[in-house]
Amino acid sequence: MAEASIHWDAVRAPAPIGERALALLGSQSGAVIADYAHVYWLIRPGAAHAWQRIRQLRILRTELPTITYVGVPPLTRTTGPRLHWHIPIGPNRYLTDAHRLREALIRSVIAELGLSKRDPSP
């Protein structure tokens, strides 16, 4: 386990929503951690601070009054189903652009949950 820190915050999504968002992001996704039921992206600290609530997602960040932890697998663990790197961290693959991630996740939530695009809080 690692504490959300000055180096990154994390965005957690259920696996079906996360897999759809990964497909939308393609090569623009940074490193991604996965486990049985969730996918986690690492983003710049504070980048999701102004995000409105998005159904099914959780932002794990540093500015909460309590410490937030994220399971971080060893660099060599790249297969699941237990905690592993779905997209391994590397010199050119670390943080995901929060704006692109948010757009991909909103589209994924709408597609998975069948919501109208007019719904202000997917």
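The values are calculated or read from the model by the stated rules, or taken from the named source; none is laboratory data. Given the structure is predicted, the values throughout are model-derived calculations rather than measurements. Heads up, the Cβs are rebuilt from the backbone with ideal geometry, glycines too, and the neighbour counts pull from every protein chain shown.
Would you tally the residues in the range 1-30 being in a strand (DSSP E or B) and either more than 11 Å from the chain's Cα centre (by Cα) or within 14 Å of Arg93 (Cβ to Cβ) (or both)?
2
Does Gln28 qualify as being in contact with a helix residue (DSSP H, G or I) (Cβ under 7 Å, 6 or more places away or on another chain), modelled with pLDDT of 95 or more and surrounded by fewer than 18 Cβ atoms within 10 Å (Cβ to Cβ)?
Details: in contact with a helix residue (DSSP H, G or I) (Cβ under 7 Å, 6 or more places away or on another chain): yes; modelled with pLDDT of 95 or more: yes; surrounded by fewer than 18 Cβ atoms within 10 Å (Cβ to Cβ): yes.
So Gln28 passes the test.
All conditions in (1) at pLDDT below 95; (2) over 16 Å from the mean Cα position of the chain (by Cα); (3) of a type in the set (D, E, K, R) hold for Arg77, with the sole exception of (1). Taking the criterion of being within 10 Å of Trp41 (Cα to Cα) and either basic (Lys, Arg) or exposed (fewer than 15 other Cβ atoms within 10 Å of the Cβ) (or both), the only residue of the range 84-100 that qualifies is Tyr94.
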